1. When you look at LEU82, is it buried (at least 17 other Cβ atoms within 10 Å of the Cβ), touching a Pro at 6+ places or on another chain (Cβ under 7 Å) and either closer than 16 Å to ARG138 by Cα or at pLDDT 90 or above (or both), yes or no?
2. Name the single residue that is farthest from the chain's Cα centre (by Cα) among those in region 120-137 being assigned to a loop (DSSP other than H, G, I, E, B) and either of a type in the set (Lys, Arg) or buried (at least 23 other Cβ atoms within 10 Å of the Cβ) (or both).
3. Answer yes or no as to whether TRP85 is touching a residue at least 60 places away in the same chain (Cβ under 8 Å), under 26 Å from ASP50 (Cβ atoms) and of a type in the set (A, V, I, L, M, F, W, C).
4. Does region 91-107 contain at least one residue that is crowded, with 20+ Cβ neighbours inside 10 Å, in contact with a strand residue (DSSP E or B) (Cβ under 7 Å, 6 or more places away or on another chain), in contact (Cβ under 8 Å) with a residue 12 or more places away in the chain and not aliphatic (A, V, I, L, M)?
5. Under 9 Å between Cβ atoms, which residue pairs at least 6 apart in sequence (or on different chains) link something in region 39-54 that is surrounded by fewer than 20 Cβ atoms within 10 Å (Cβ to Cβ) with a partner that is aliphatic (A, V, I, L, M) and in a helix (DSSP H, G or I)?
6. Could you grab me the full set of residues in region 1-38 that are modelled with pLDDT of 85 or more and among the hydrophobic types (A, V, I, L, M, F, W, C)?
7. Picking from PRO116, PRO57, PRO77, which residue would you name as being without any contact (Cβ under 8 Å) to a residue 60 or more places away in the chain and closer than 22 Å to LEU169 by Cα?
8. If I filter region 25-35 for residues that are surrounded by 14 or more Cβ atoms within 10 Å (Cβ to Cβ), among the aliphatic types (A, V, I, L, M) and in contact with a strand residue (DSSP E or B) (Cβ under 7 Å, 6 or more places away or on another chain), do I get at least one hit?
Amino acid sequence: MVRHAEPGTVEWVESGGGPLVAVPETVLPFWTGADGEETASDYDRACEVDGLVGLLPVGDSTALVLGDEPAATAFLPEHGTLVRWVAGHSEDALLASVPEALRTAAWQPEVHWQVPGTVLLFDAAWPGTRSTGTDHVRLTLGPGRYAVRAAQAQPEPETWLVLVQLRPLS
């Protein structure tokens, strides 16, 4: 379900219980979700990602999988960061804790992701051709290579989140 802290401010996307995936718009038709005809569907491949993030080939590009546990996720472009809401009393408190979480996060090793442009973040079970008919968030990214790093953070005693930061590489 998409929610907003203030109307139009922050859009959240959730999955039905599995991972979320960020697929470049140019290759959306190649993401089959759980409908794949092969032994292992794209959704199955996404579920096999071990850790907070992983990369999977899709068409002539690559998708970013947000692994670990399902969590409502928003993209905060001012921080270049996907924020995954694991626990917290309110959306406002969680969002207010992001700067401290970014400052104190113990980052896992980064991966490099080549992006042809805008990507859609949605439930990995959905086929890419139907992704805009469900909860999704559009990430307007410039074409290029990005360093992607992830961390679990607890900026407040009862606030837990996962951060996935996207940093353009020159």
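1. Judged against the criteria, LEU82 is not a match.
2. Selected residue: TRP126.
3. Yes, satisfied.
4. For region 91-107, residues crowded, with 20+ Cβ neighbours inside 10 Å, in contact with a strand residue (DSSP E or B) (Cβ under 7 Å, 6 or more places away or on another chain), in contact (Cβ under 8 Å) with a residue 12 or more places away in the chain and not aliphatic (A, V, I, L, M): absent.
5. Cβ pairs passing all conditions: SER41/ALA34; ASP44/ALA34.
6. VAL10, TRP12, VAL13, LEU20, VAL21, ALA22, VAL23, VAL27, LEU28, PHE30, TRP31, ALA34
7. Going through PRO116, PRO57, PRO77 in turn, just one is without any contact (Cβ under 8 Å) to a residue 60 or more places away in the chain and closer than 22 Å to LEU169 by Cα: PRO57.
8. Yes, region 25-35 contains at least one residue that is surrounded by 14 or more Cβ atoms within 10 Å (Cβ to Cβ), among the aliphatic types (A, V, I, L, M) and in contact with a strand residue (DSSP E or B) (Cβ under 7 Å, 6 or more places away or on another chain).
The values are calculated or read from the model by the stated rules, or taken from the named source; none is laboratory data. Being a predicted model, the structure only gives us computed values, none of them experimental. Virtual Cβ from ideal backbone geometry, glycine too; neighbours counted across all protein chains shown.
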